[in-house]
């Protein structure tokens, strides 16, 4: 006759959940950081000096790039611009984007 195995204790189940939670937290943090870096690289194709832009402009462009998932596009300036323009937005946001694109075009050699 086989001896009965006892079920895992609540403490061991809790420990497993804590380990999985920690792994998930750091995994998500790494993925977000990686995605954010890719998005910034895409934006630098259009605005090489994005790091020196005022914070509200950086945040606006980053939000558009994350919304259209610019990191999944080819790293080509025209692709990034098409991606940003594809995001549904109101007229003031469109005007703001076009103004920033005009500044980027003026800064291109």
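Odds and ends about this structure:
- The residue of the range 15-49 that is farthest from residue 105 (Cα to Cα), among those that are modelled with pLDDT of 90 or more and crowded, with 16+ Cβ neighbours inside 10 Å, is 42.
- Entry remark, the range 52-92: residues being part of a helix (DSSP H, G or I) and either touching a helix residue (DSSP H, G or I) at 6+ places or on another chain (Cβ under 8 Å) or under 13 Å from residue 39 (Cα atoms) (or both) number 22 in total.
The values are calculated or read from the model by the stated rules, or taken from the named source; none is laboratory data. Owing to the predicted nature of the structure, the values given are computational and were not obtained by experimental measurement. Don't worry about glycine lacking a Cβ; one is built from the backbone with ideal geometry, like all the others, and counts go over all protein chains shown.
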